[in-house]
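The values are calculated or read from the model by the stated rules, or taken from the named source; none is laboratory data. On a predicted model such as this, the values are computed, not experimentally measured, just so you know. Counting neighbours? That spans all protein chains shown, and the Cβs are built from the backbone with ideal geometry, glycine included.
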Amino acid sequence: MQIFTLISWDFKRNNQFFNQAVLNPYEYWSELLERNGIKKYVILLTCNRVEIYLRGDYPSELDRMNPIVSHDDQAIKHLFEVSAGLDSMSLGENEILKQVKEAYDLSLKNGKVDKVMSLIFQKAISVGKKVRSETEISKGKVSIPSIVYDILVHSGVSKVLIIGNGMIASEIAPYLSGKFEVTVAGRNIDHVKDLASRYNYSYTTLNDVCDLIVKNDAVIAATSAKTPIISSDCIVDGKLYIDLGNPRNIQDRPGANIITIDQIYAVSNRNGTMRETSVEDAHRIIESELESLMNKVKDLMIDEIFADFYRFAAVVQKIEVEKFRRMHPEIPASDLEAFAHSMINKVMNIPVMTLKSVARSQESQDFGRIFSKFYDNFSDLVSAALQSYEDHQDTQSLRDRTRQLLQRS
């Protein structure tokens, strides 16, 4: 048994199979897991990744989809890196932390997480926040659309003209939705209509580009034209021009407020360098938090074992106290129960502390293997104890059953 398992597909490591996996909705994955007897899981679905975190082992039904599979501390470390934005297309992005939290909250709401998974995900969310607050990983925009958006916001414009309908224009368009009054213009009316209709923007042809400039506060030129599509004669003072063409889409004019693609690249590179210097710091935070968390996970799992120990002891205590009272009715039952309870706690304290100490010195893989064997065998012993009590059998039957189980293990 594994403590924690990650099954994943993403845009970087197994892109071919990711393109297939990402087509499946949440319900597809949850039904697959339930069908394979997996009851505790968190499913993280974004445009760049499909990640399934679960308690237990990997379901072989997924072999045909060629996922990446990792376990225990490696799976948890990956979750920390995802939450911190280290595994994103845009280093340090903030949206992924929100997506991790939403995925966890959904599983929590549906009763699909246990104490161990809750501990892991709560720590992952905390680590994501800590990395962002203690490093520069999220400071400064690095993508062209996000930098353009910031320029527009800080300029205080309201009406924006996008000239072009290619890749860059298509990437910028969603950033402006709901924030600006946008018009998309281009030579092919069908193409600009297709882009504009996705975001309920206005659209038009480039028949009179000078008139379009007059009607808008800012112009974003993002075409592959080999010669300028906006001549210096069309440039109006007081407007903002963002030229993302290479070669240039907008002809220079002295005094015009024109921001070029080279200037935007310079901002991106400067911010990217600042973020890169924070990666090492982020990894140090993750390693420190991971070690601390693994110790807490082991402690929690050992507490689960000893919860069964105490359950076991309570059953035996009740049987033996009842037998002793039949022989010595003059002794109050409450005194006998208090004495027995105190003895059990004192006897068990040292084994509990010792096992936790030993567990912390074990590699996670070894701990998971030992824990699984021990827990499974002890669960059988607890079941035998409970059955013995419920059937009012003599404790000799319990001792016989215990001896058999111990010999088998």
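Consider Lys98 carefully, then state whether it is of a type outside the set (Ser, Thr, Tyr) and part of a loop (DSSP other than H, G, I, E, B). No: the conditions fail for Lys98.
Could you list, in sequence order, all residues of segment 282-291 that are loosely packed, with under 14 Cβ neighbours inside 10 Å and either under 17 Å from the mean Cα position of the chain (by Cα) or at pLDDT 90 or above (or both)? Of everything in segment 282-291, those that are loosely packed, with under 14 Cβ neighbours inside 10 Å and either under 17 Å from the mean Cα position of the chain (by Cα) or at pLDDT 90 or above (or both) turn out to be Arg284, Glu287, Ser288.
When the residues of segment 55-89 are filtered to those that are of a type in the set (Val, Ile, Thr) and either surrounded by 21 or more Cβ atoms within 10 Å (Cβ to Cβ) or free of Cβ contacts under 8 Å to residues at least 40 places away in the same chain (or both), the one that is nearest to Lys101 (Cα to Cα) is Val82. Do we find a residue being surrounded by fewer than 14 Cβ atoms within 10 Å (Cβ to Cβ), over 47 Å from the mean Cα position of the chain (by Cα) and part of a helix (DSSP H, G or I) anywhere in segment 300-322? Yes, that holds for at least one residue.
Any residue in segment 148-159 that is over 21 Å from Ala266 (Cα atoms) and not small (Gly, Ala, Ser)? Yes: segment 148-159 contains one or more residues that are over 21 Å from Ala266 (Cα atoms) and not small (Gly, Ala, Ser). Between Gly92, Gly111, the distinction of being in the same structural domain as Tyr53 (by TED's automatic domain parsing), farther than 28 Å from Gln2 by Cβ and either among the hydroxyl-bearing types (Ser, Thr, Tyr) or more than 12 Å from the chain's Cα centre (by Cα) (or both) belongs to Gly92 only. Going by the structure shown, is Val209 crowded, with 17+ Cβ neighbours inside 10 Å and under 40 Å from the mean Cα position of the chain (by Cα)? Taking the combined requirement at face value, the residue does not satisfy it.
Residue by residue, here is whether (1) touching a Ser or Thr at 6+ places or on another chain (Cβ under 7 Å); (2) modelled with pLDDT of 95 or more holds:
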| residue | (1), (2) |
| --- | --- |
| Ser146 | no, no |
| Tyr149 | no, no |
| Leu161 | yes, yes |
| His191 | no, no |
| Asp208 | no, no |
| Ala218 | yes, yes |
| Thr227 | no, no |
| Ile230 | no, yes |
| Tyr241 | no, yes |
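Looking at Ile3, Ile52, Ile38, which is the one that is in a loop (DSSP other than H, G, I, E, B) and either buried (at least 21 other Cβ atoms within 10 Å of the Cβ) or assigned by TED's automatic domain parsing to the domain that holds Met294 (or both)? Every option except Ile3 fails the conditions. Go through the residues of segment 246-260 one by one and say whether even a single one is part of a helix (DSSP H, G or I), free of Cβ contacts under 8 Å to residues at least 60 places away in the same chain, acidic (Asp, Glu) and surrounded by fewer than 18 Cβ atoms within 10 Å (Cβ to Cβ). Taking every residue of segment 246-260 in turn, none turns out to be part of a helix (DSSP H, G or I), free of Cβ contacts under 8 Å to residues at least 60 places away in the same chain, acidic (Asp, Glu) and surrounded by fewer than 18 Cβ atoms within 10 Å (Cβ to Cβ).
A Cβ distance below 7 Å, combined with a sequence gap of six or more or placement on separate chains, defines the contacts here; from segment 129-150, residues that are free of Cβ contacts under 8 Å to residues at least 12 places away in the same chain reach residues that are in a loop (DSSP other than H, G, I, E, B) in the pairs Asp150/Lys141.
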